[in-house]
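Let me begin by presenting the structure, written as structure tokens, before commenting on it.
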Amino acid sequence: MRLLLTVLLALATVAAGPAPPQASRTKALVGGTLVDGFAGSPIQNSVILIDGDKIAAVGQVGSLAVPAGAEIISTEGMTVLPGLWDMHVHTMIVGHADYDHWDKAYMPQFESVIMPAAAKQLLMAGVTSARDLGGPLEASIAVRDRINAGKIPGSTLYVSGPFIQHEPYPNTEAYRWGVKGPDDGRAKVKKIADAGVDVVKLIDQDQMTMDEVRAVVDEAHKRGKPVVAHSHRPEEIRRGLTAGVDCFEHTGLATAPAYPDDIIAAIRERTAKMSQGPLFWTPTIEGLLNYEYLRDNPEALDDPAWHEGLPEAIVTDIRKSLEHSDRLPYFQLTAARRPTLAHKFKQLREAGVVQLIGTDSGIPMNFHSHSTWRELDAWVNVLGVDPMTALRAATYWPSVAMKVDSKVGTVSAGKYADIIAVRGDVLRYISLLQRVDVIVKHGIRFK
Ligand SMILES: [Zn+2]
């Protein structure tokens, strides 16, 4: 009865929004098979002790005792995992098909409504950490900090603030900052770094001078910020590699069947330099891969999970924008790109990059509530990646890429208690991740 009360209390406080007071400081997740994020075999009959917001101990039933008074959460029949990461999301968009209209209508609500809704949807999908690549500076920082302070529920966000690029497109100046010369590049990076961004996002660097690209990357590195670069065009990749970008985004090159030889050779040269650490790449496959499927089988678009946190009028507007999903300009080339994705993904793998799970979540039809598990499903069931590698690309490796692997990314003593549990064998059936049963973030149970 007391356990039931505790659960009800926890649910009630979570529903109300802010961080609930802890019913019990110590929690124990008991019984499930633990995939801890390291590469070893899963741990059967696992016991995870949580003290406050951290993991105190990890062991097995019979050898690790649960302290008296601990709140016990049974994970029998479940796979227990580190909370997932999504390394490429956009919290300022939530699936609407028309970006111009979206910005005009909703930019004043990005900070108060849209970004919090996106962050909450991600969290309730089991994504306890997400990298938000492109948004207005103050809003990005404010939403991240409100989540970190426990004022609103959401994934721990690692934010870039504005895109750094040659020139903003018309009416996007609030979240795209142009660079005019190397000094200006350094100044812009200094400004966002001083404001507290976690990462710097470069885009259209093929339109910048090489001196500008170098200035941006060097200044970011000087301030300890990793640099992430858009890589849809060959010259974006070439320049990014030359300047020392840490992580590339997307599987680009439009409908081209393969990456050119010189680019693969340059990637190989970089990945061979192990002292520089891994070269990361977030291929963002699922939004493109699933477009035709969702166009023809739209039931998933009716799932109310993506309405979470959004006012009815905005939900209606988004639905209307997706009414004719066969006619969206955003997806004009997608059907022709889809058959090229698997080969390019494989080329990158073989060139030695460490690929990360990321989704471009927020683009048309691609809701934060569903994108991350679909990327994992695409890797395992379409691209032939083994499930353990795919899961580590959504847990361990992202924490390394963001230089926080001493704090999160694995279920091990001393880390933040970011843990999910899913009924069934996730290593055998990866798409079970579409329905996560238990979500704990920083020791607080959200589901
Ligand atoms: Zn993106």
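The values are calculated or read from the model by the stated rules, or taken from the named source; none is laboratory data. What you are looking at is a predicted structure, and each value in this text was computed from that prediction instead of being measured. We place every Cβ from the backbone using ideal geometry, glycine too, and count neighbours over all the protein chains shown.
Does segment 177-205 hold any residues that are touching a residue at least 40 places away in the same chain (Cβ under 8 Å) and under 21 Å from the mean Cα position of the chain (by Cα), and which are they?
ILE192, GLY196, VAL197, ASP198, VAL199, VAL200, LYS201, LEU202, ILE203
Just to be sure before I move on: is GLY240 of a type in the set (Gly, Ala, Ser), crowded, with 20+ Cβ neighbours inside 10 Å and at pLDDT 95 or above in the structure I sent? Walk me through it before giving the result.
Details: of a type in the set (Gly, Ala, Ser): yes; crowded, with 20+ Cβ neighbours inside 10 Å: yes; at pLDDT 95 or above: yes.
When the stated conditions are applied, GLY240 passes them.
So, of the residues in segment 157-206 that are among the polar types (S, T, N, Q) and assigned to a loop (DSSP other than H, G, I, E, B), which turns out to be surrounded by the fewest Cβ atoms within 10 Å (Cβ to Cβ)?
The extreme case among them is ASN171.
Out of all the residues in segment 267-283, which are over 25 Å from the mean Cα position of the chain (by Cα) and touching a residue at least 60 places away in the same chain (Cβ under 8 Å)?
Passing the criteria: ARG268, ALA272.
Return a yes/no flag: does segment 333-354 have any residue that is within 16 Å of the ligand (Cβ to nearest atom) and within 14 Å of the chain's Cα centre (by Cα).
No.
Does ALA125 satisfy being out of contact with any strand residue (DSSP E or B) (no Cβ under 6 Å at 6 or more places or on another chain) and either under 29 Å from ASP51 (Cβ atoms) or not polar (S, T, N, Q) (or both)?
Working: out of contact with any strand residue (DSSP E or B) (no Cβ under 6 Å at 6 or more places or on another chain): yes; either under 29 Å from ASP51 (Cβ atoms) or not polar (S, T, N, Q) (or both): yes.
Judged against the criteria, ALA125 is a match.
Take the residues of segment 128-155 that are polar (S, T, N, Q) and crowded, with 24+ Cβ neighbours inside 10 Å: which is farthest from the chain's Cα centre (by Cα)? I'd like the intermediate steps shown before the answer.
First, the residues of segment 128-155 that are polar (S, T, N, Q): 128-129, 140, 148, 155.
Imposing the further condition that a residue be crowded, with 24+ Cβ neighbours inside 10 Å reduces the set to 128-129, 140, 155.
On the way: THR128: 9, SER129: 6, SER140: 15, SER155: 9 Å.
That would be SER140.
Quick check: anything in segment 392-401 crowded, with 24+ Cβ neighbours inside 10 Å, within 13 Å of LEU289 (Cα to Cα) and within 16 Å of the ligand (Cβ to nearest atom)? If you could, list the steps in order and put the result at the bottom.
Our first condition is that a residue be crowded, with 24+ Cβ neighbours inside 10 Å; within segment 392-401, this holds for 393-395, 398, 401.
Next, from what is left, pick out any that are within 13 Å of LEU289 (Cα to Cα): none.
The answer is no, given that none of the residues of segment 392-401 is crowded, with 24+ Cβ neighbours inside 10 Å, within 13 Å of LEU289 (Cα to Cα) and within 16 Å of the ligand (Cβ to nearest atom).
Kindly indicate whether ARG349 is in a helix (DSSP H, G or I) and free of Cβ contacts under 8 Å to residues at least 60 places away in the same chain.
Values: in a helix (DSSP H, G or I): yes; free of Cβ contacts under 8 Å to residues at least 60 places away in the same chain: yes.
When the stated conditions are applied, ARG349 passes them.
Of all residues in segment 27-67 being out of contact with any strand residue (DSSP E or B) (no Cβ under 9 Å at 6 or more places or on another chain) and in contact (Cβ under 8 Å) with a residue 60 or more places away in the chain, which is surrounded by the fewest Cβ atoms within 10 Å (Cβ to Cβ)?
It comes out as ALA39.
Please count how many residues of segment 310-323 are part of a loop (DSSP other than H, G, I, E, B) and touching a helix residue (DSSP H, G or I) at 6+ places or on another chain (Cβ under 9 Å).
Taking segment 310-323 first, the residues part of a loop (DSSP other than H, G, I, E, B) are 310-311, 322-323.
Checking which are touching a helix residue (DSSP H, G or I) at 6+ places or on another chain (Cβ under 9 Å) leaves us with 310-311, 322.
Qualifying residue count, segment 310-323: 3.
Has segment 296-312 got at least one residue that is within 16 Å of the ligand (Cβ to nearest atom), surrounded by 15 or more Cβ atoms within 10 Å (Cβ to Cβ) and within 30 Å of GLN434 (Cβ to Cβ)? If you could, list the steps in order and put the result at the bottom.
At the first step, the residues of segment 296-312 found to be within 16 Å of the ligand (Cβ to nearest atom) are none.
No: segment 296-312 contains no residue that is within 16 Å of the ligand (Cβ to nearest atom), surrounded by 15 or more Cβ atoms within 10 Å (Cβ to Cβ) and within 30 Å of GLN434 (Cβ to Cβ).
Can you name every residue in segment 324-337 that is surrounded by 17 or more Cβ atoms within 10 Å (Cβ to Cβ) and part of a helix (DSSP H, G or I)?
Within segment 324-337, the subset surrounded by 17 or more Cβ atoms within 10 Å (Cβ to Cβ) is 325, 328, 331, 334, 337.
Hits for segment 324-337 are SER325, PHE331, THR334, ARG337.
Could you tell me which residue of segment 415-447 is nearest to the chain's Cα centre (by Cα), considering only residues that are assigned to a loop (DSSP other than H, G, I, E, B) and within 29 Å of ALA220 (Cα to Cα)? Even if it seems obvious, please write down each step before you answer.
Our first condition is that a residue be assigned to a loop (DSSP other than H, G, I, E, B); within segment 415-447, this holds for 415, 417-418, 424-429, 435-437, 442-443, 446-447.
Now restrict to residues that are within 29 Å of ALA220 (Cα to Cα): 415, 418, 442.
Details: LYS415: 19, ASP418: 14, HIS442: 17 Å.
The residue in question is ASP418.
Scanning segment 356-386 for residues that are more than 16 Å from the ligand (Cβ to nearest atom) and not in a loop (DSSP other than H, G, I, E, B), which turns out surrounded by the most Cβ atoms within 10 Å (Cβ to Cβ)?
Going residue by residue through segment 356-386, those that are more than 16 Å from the ligand (Cβ to nearest atom) are 369-370, 373, 376-386.
With not in a loop (DSSP other than H, G, I, E, B) added as a condition, the list becomes 373, 376-381.
On the way: TRP373: 27, LEU376: 25, ASP377: 21, ALA378: 25, TRP379: 25, VAL380: 20, ASN381: 14.
Here the residue is TRP373.
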